[in-house]
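S.K.: To start, I am sharing the structure in question, which I have written as structure tokens.
Bear in mind that the values in this text are calculations on the coordinates, not laboratory data. Just so it is clear, the model here is predicted, and its values are computed rather than measured. Positions of Cβ are generated from backbone atoms using ideal geometry, with glycine treated the same way; all protein chains shown enter the neighbour counts.
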Amino acid sequence: MHVEDSQIKDFIIDAGLISKSEVEDAEKEAKSKKKPLSDILISKGKFSDDDLRRVQAYILGIPFINLKGQILNRDILNLIPEPIARKHNIIAFAKKEDSLEVAMLDTDDLQALNSIKKKVGLKILPRLTDSESMRGALIQYQKNLQDEFGDIIKNDSDEIKTITEKLPADSTSEGDLKKLAEELPVVRIVDTLLKHAIIQNASDIHIEPLEDQILVRYRIDGILHDAMILPKHIGYSLVARVKVLSSLKLDEKRLPQDGRFKINMNGEKVSFRVSTLPVYYGEKTVMRLLRESVSGFTLESLGFHGKALELLHKALQHTTGMILTTGPTGSGKSTTLYTMLDILNTSDINISTIEDPIEYQMKRINQTQVKPEIGLTFASGLRTLVRQDPDVIMVGEIRDNETASLAINASLTGHLVLSTLHTNSAAGAVPRLIDMKVEPFLIISTIDAIIAQRLVRKLSDKKEKYYLSKAEVESISKVINLNNVLEVLKEEKIVGSKDSWDNIPFYRPMKDAGEEGFKSRIGIYEVLNVSTAVKDLIIKGSTTEDIELQAKKEGMLSMIEDGIFKAAQGLTTIEEVLRVVSE
């Protein structure tokens, strides 16, 4: 049931989904890179994976099934074991006397179809579905978090209480604490916490001790949600278990600690970055989830477009210089850097990194973890990296004068350097570097582009259309240059040349959508080109506002303008953009 590139090409052109010239350009690129046409169309942002699946379903004559929001019959679901379902992205959803309907993401997976046919002894009827339907269906293999914890607490609460009462609250015996952490009920609770965080695509787990209970919260798509409330006596053992997993000192409760551990769930490797902090009612534990593979991201899929995208691709072709990303913690800077490294990661390039922590592991890249306790800092590591014959160097973060100076010197001596800074805007990176004693003439000699970014929640399919009133347009115009945004929308052919804000639709979650109104996140960016005019302003010691104004004159969309651009595309809401940029 394979679909040929020629079939996809003919269908797209006949249906008028994109222009013939765009398809032919993509076809040439596919042949030169020896990749399927569908991969190129997706990487260019012309189609999503799910759009291509709909096209394939139509060509093959296979029904396309939408399972979103459907509660599946558990007996039918369990006909395909969970490990097989997750490995092959295949779900059983309907059964007749002699046949079983299965939803898939890849109808070429004949091995999975044959093995399921042998197991169930029925005729298999394959159907294509979208990735969101598949995620929702796979989650139904699991009991919800409340149910699982309810069972554990109901069955094991007395046992856990007996175990925890064996140790006084002020116990300092590491042996006793380790024994506590290895008790089966404690292990089961922590494993359940981690499993559900991965299934729900959480980025962080918070375990917070309150006066008479333990609050567990997950951060999903940038928003914290209460996941579970546990009895107070369980919290003591949870912290001990997490400390054992991350090789922290079990008997140290007065000082913060940082650690790390890794688990493998259904073939997916996930690292957890752990931080413990003494608080009034005990120790608060926060775990950051880091998926180890970043392969497959493109700058387009992250949300870059237009002039900003062209500028970054041009900067990545340079053999020397610097590209900086800026933004607060959790704004996606690391993902942007790793995506650029993935683009640069070819057989003829030597790439070395110095990071704290190593958030993703990448093949063919030499990654070094900072260890200040033994003297391996960003600065000392960077000194060694330049003697390792690298073409590209990635410095996880420029935190101090010494690291800034070494990064600048590395870019001056024949290396392309990628790094991050903590500033609120792209233009704000300039005074930050000057504060670090970097001379202005060195800044203009090395830096090619500066990115500032935030993450906004993406709208799901449960969205409704609306139009801005004149009063709303006037209100937004007071803080955003809407004319500038409209020009870019027209340039990139998102709207027609004669369209105005009166007839450009925006979207918001349906009233009954609840938390399902948003799904995943996308970046909003500003990409500052260090042009000749901007260099002159830096040398003159101009303010951040002057540099930003000049960049906008040269075509830079500010972050908030890029957010409105994406809201006009139906990707997010105006309220979400304003919430994130104003934080």
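S.K.: For a paramagnetic label modelled at 7 Å from the Cα of residue 215 toward its Cβ, which residues of the range 241-261 fall within the zone defined by backbone nitrogen distances under 17 Å?
M.R.: The answer is none, because no backbone nitrogen lies closer than 17 Å to the label point.
S.K.: Calculate, in nm to one decimal, what residue 281 and residue 94 gain on full extension: separation in residues at 0.36 nm each, minus their alpha carbon distance.
M.R.: Once the chain is fully extended between residue 281 and residue 94, it gains 62.3 nm.
S.K.: For residue 264 and residue 20 in one chain, what is 0.36 nm times their gap in residues minus the Cα-Cα distance, to one decimal in nm?
M.R.: 83.4 nm
S.K.: First check a/c for the range 5-140, with a ≥ b ≥ c the square roots of the eigenvalues of its C-alpha gyration tensor; if it is under 1.5, answer rounded, and if not, answer prolate when a/b is larger than b/c or oblate otherwise.
M.R.: Note, shape of the range 5-140 comes out prolate.
S.K.: What is the range 5-140's relative contact order, in percent, from Cα pairs under 8 angstrom and six or more apart in sequence?
M.R.: 24
S.K.: Right, here's the next one. Quote the charge dipole size of the chain about the Cα centre in Debye, to the nearest 20; the model charges only the Cβ of Lys and Arg (+1) and of Asp and Glu (-1).
M.R.: Values: 78 positive and 87 negative charges, 148 e Å.
So the dipole magnitude of the chain works out to roughly 720 debye.
S.K.: Still on this structure, I have one more. Strictly over 28 Å apart at the Cα level, which of 9/34; 540/566; 493/535; 195/511 would you flag in this model? All intermediate terms of the calculation are to be shown ahead of the outcome.
M.R.: Working: 9/34 16 Å; 540/566 35 Å; 493/535 32 Å; 195/511 31 Å.
Those over the limit are 540/566; 493/535; 195/511.
S.K.: 7 Å from Cα along Cα→Cβ at both residue 413 and residue 502: what's the point-to-point distance in nm?
M.R.: Calculated label separation equals 6.3 nm.
S.K.: Of the DSSP beta bridges with both residues in the chain, give the percent that are antiparallel, rounding to the nearest 5.
M.R.: Numbers: 57 of 89 bridges.
Just about 65 percent of them are antiparallel.
S.K.: If I stretch the segment between residue 11 and residue 387 completely, what's the gain in nm (0.36 nm per residue apart, minus their alpha carbon distance), one decimal?
M.R.: So the chain would gain 130.0 nm between residue 11 and residue 387.
S.K.: Could you give the distance between the Cα centres of the range 190-239 and the range 312-386, to the whole Å?
M.R.: Between the Cα centre of the range 190-239 and that of the range 312-386, the gap is 31 Å.
S.K.: Let me ask something else about it. Under a point spin-label approximation (7 Å from Cα along Cα-to-Cβ), what is the residue 59-residue 252 distance to one decimal in nm?
M.R.: Placing both labels 7 Å beyond Cα along the Cβ direction yields 5.8 nm.
S.K.: Still on this structure, I have one more. Based on the Cβ-Cβ distance of residue 371 and residue 329, what FRET efficiency does E = 1/(1 + (r/R0)^6) give at R0 = 30 Å, to the nearest 0.05?
M.R.: Taking R0 as 30 Å, the efficiency between residue 371 and residue 329 is 0.90.
S.K.: For residue 546 and residue 111, what does the FRET efficiency come to when R0 = 45 Å and r is the distance between their Cβ atoms, rounded to the nearest 0.05?
M.R.: 0.15
S.K.: Moving to a separate point now. Let a ≥ b ≥ c be the square roots of the eigenvalues of the Cα gyration tensor of the range 309-460; is it rounded (a/c under 1.5), or, if not, prolate (a/b larger than b/c) or oblate?
M.R.: Because its axes are fairly even, with a/c under 1.5, the range 309-460 counts as rounded.
S.K.: In nm, to one decimal, how far is the modelled label at residue 445 from the one at residue 512, with both set 7 Å along Cα→Cβ?
M.R.: 6.6
S.K.: Candidates (1) 17, 42, 30, 11, 0; (2) 17, 47, 33, 3, 0; (3) 20, 50, 27, 3; which is the computed P(r) over Cα pairs in 20 Å bins from 0, in percent?
M.R.: Comparing each candidate, only (2) matches the computed number.
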